[in-house]
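Undergrad: Mind looking over this structure? Questions follow.
The values are calculated or read from the model by the stated rules, or taken from the named source; none is laboratory data. Nothing here was measured: the structure is a model prediction, and the numbers come from that model. Virtual Cβ from ideal backbone geometry, glycine too; neighbours counted across all protein chains shown.
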Amino acid sequence: MGLAVAKTLRSVTTTPADAGAVQLVTEYARLLDEAMDLGEGVKTFGALGPRLLAGLRELGGTPAGRAPAAGGDGAGAAPDAARGVVVELRGRAAERQRRAAAVDTAAS
């Protein structure tokens, strides 16, 4: 998967603002390759495959990502996607902190 993603990323035009999304899809591909090596590919593809595809789409690396958006030309989609990923990751981090605080309180 890593080789295919690298080839796709070489074929699309990105800007410095896309760096986070590029790194994210590269990491998803690496994790998928690692899972395949460990025999857990099906489970991991179910979890990460849609995220990888969405990231590639936002970067213009899929046919849907290259199609003009309704009412626009699709410009600026990648920074919005990266921002959405950051919001999601921050939400997960806050949830982990909330759960950890609950465990710490219960252990006292």
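Undergrad: How many residues does the stretch 10-33 contain that are of a type outside the set (D, E, K, R) and buried (at least 18 other Cβ atoms within 10 Å of the Cβ)? Working first, answer last.
TA: Narrowing the stretch 10-33 to residues of a type outside the set (D, E, K, R): 11-17, 19-26, 28-29, 31-32.
So of that shortlist, the ones also buried (at least 18 other Cβ atoms within 10 Å of the Cβ) come out as 21-22, 24-25, 28-29, 32.
Qualifying residue count for the region: 7.
Undergrad: I would also like to ask the following. Quick check, is R30 at pLDDT below 85 and either more than 21 Å from M1 (Cα to Cα) or within 15 Å of the chain's Cα centre (by Cα) (or both)? Talk me through it step by step, then tell me what you get.
TA: Values: at pLDDT below 85: no; either more than 21 Å from M1 (Cα to Cα) or within 15 Å of the chain's Cα centre (by Cα) (or both): yes.
In short, no.
Undergrad: Follow-up question, since we're still on this one. Has the stretch 58-65 got at least one residue that is polar (S, T, N, Q) and at pLDDT 85 or above? Even if it seems obvious, please write down each step before you answer.
TA: Residues of the stretch 58-65 that are polar (S, T, N, Q), as a first pass: 62.
Those left that are additionally at pLDDT 85 or above: 62.
Within the stretch 58-65, one or more residues are polar (S, T, N, Q) and at pLDDT 85 or above.
Undergrad: Of everything in the stretch 34-59, what is more than 21 Å from E88 (Cα to Cα) and either surrounded by 15 or more Cβ atoms within 10 Å (Cβ to Cβ) or in contact with a Leu (Cβ under 9 Å, 6 or more places away or on another chain) (or both)? Give them in sequence order.
TA: Scanning the stretch 34-59 gives A35, G41.
Undergrad: What are the pairs, 6+ residues apart or on separate chains, where a residue within the stretch 36-57 that is over 16 Å from L3 (Cβ atoms) has its Cβ under 9 Å from a residue that is acidic (D, E) and surrounded by 12 or more Cβ atoms within 10 Å (Cβ to Cβ)?
TA: E40/E34; T44/E34
Undergrad: I'd like the full set of residues that are assigned to a helix (DSSP H, G or I) and either of a type in the set (D, E) or in contact with a strand residue (DSSP E or B) (Cβ under 6 Å, 6 or more places away or on another chain) (or both), limited to the stretch 1-56.
TA: So the first thing to find is which residues in the stretch 1-56 are assigned to a helix (DSSP H, G or I), and the list is 2-11, 16-37, 41-56.
Once the filter is applied, which keeps residues that are assigned to a helix (DSSP H, G or I) and either of a type in the set (D, E) or in contact with a strand residue (DSSP E or B) (Cβ under 6 Å, 6 or more places away or on another chain) (or both), the stretch 1-56 yields D18, E27, D33, E34, D37.
Undergrad: Pairs only if they're at least six apart or on different chains, beta carbon under 9 angstrom, first in the stretch 14-31 and among the β-branched types (V, I, T), second surrounded by fewer than 16 Cβ atoms within 10 Å (Cβ to Cβ) and not in a helix (DSSP H, G or I); list them, first residue then second.
TA: So the pair list comes out as V22/T14.
Undergrad: Looking at (1) at pLDDT below 85; (2) assigned to a helix (DSSP H, G or I), which is the only condition G71 fails?
TA: For G71, the failing item is (2).
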